[in-house]
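Each remark here refers to the structure printed beneath this line.
The values are calculated or read from the model by the stated rules, or taken from the named source; none is laboratory data. The model shown is predicted, which means the values in this text are computed figures rather than measured ones. Neighbour counts run over all protein chains shown; Cβ positions are idealised from the backbone, glycine included.
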Amino acid sequence: MRIPLLSMFMTSPFEGLQEHAEVIKDCSWAFQEAVECHISYKCSRFDSLRGDIIEMEREADAIKRRIRGHIPKGTLMPIDKFQLFRYLREQDSVLDAMEETLDWLSVRPHAAIPEALHKDIFYLVDTVLDPVDELSSMVAEARKYFKTYREEQRVIVKDIIRTLRLQEHEADHVEHTIKAKVFNMDVDPVTIFHIVRLAEIIGSIADHAENAGDMMRAMVAK
């Protein structure tokens, strides 16, 4: 079957990736508030915020399906389709990890997390959200690169990817600090397990953001 020439070209998939990244960025603000609300037990909006995030996750899923479903066979793109899908999977996993964090928090009461760890966990959340903020900037700059293929634009994208990597390393350090602290606290084993797993899930947000950066690096590589 012959494919008409004009149908082999389409709007850049980066438009959808940008929209998807912006939803995740919006979700990160609600996520941070929800974590602080639950752990500090100074507000009663946790369930409402969690519901907002679930709704935004559905919106992001709809965008993801649209990206995947609107690339017909034979479409010419500036990047490999499978690289695009791998990138999208990692970017989407950022949001999945946020939702998983709130699910994990909700299984135990507020008092389950010792007050001595509250600031550390809040700092970990701050740290993992830094690379999330960079995702939309990275996609925006990559869109520019694939329009012009200018080397200086490619350098901008690579600089953002380098920043993502450094931010993920900082998040790893904070995660390790929390684990070391809880193992030296006089708390029950269930609480230790709950906090260690919580730190790991929160930390995975930055992991997936860094992985998305690695996928983007592969896409802009010459």
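Scan segment 16-62 for residues that are buried (at least 21 other Cβ atoms within 10 Å of the Cβ) and outside any helix (DSSP H, G or I) and the total you get is 0.
When the residues of segment 80-108 are filtered to those that are β-branched (Val, Ile, Thr) and at pLDDT 95 or above, the one that is nearest to ARG58 (Cα to Cα) is VAL94. Please tell me if GLU36 is within 24 Å of PHE122 (Cα to Cα) and modelled with pLDDT of 90 or more. Yes; evaluated as a whole, the condition is true for this residue.
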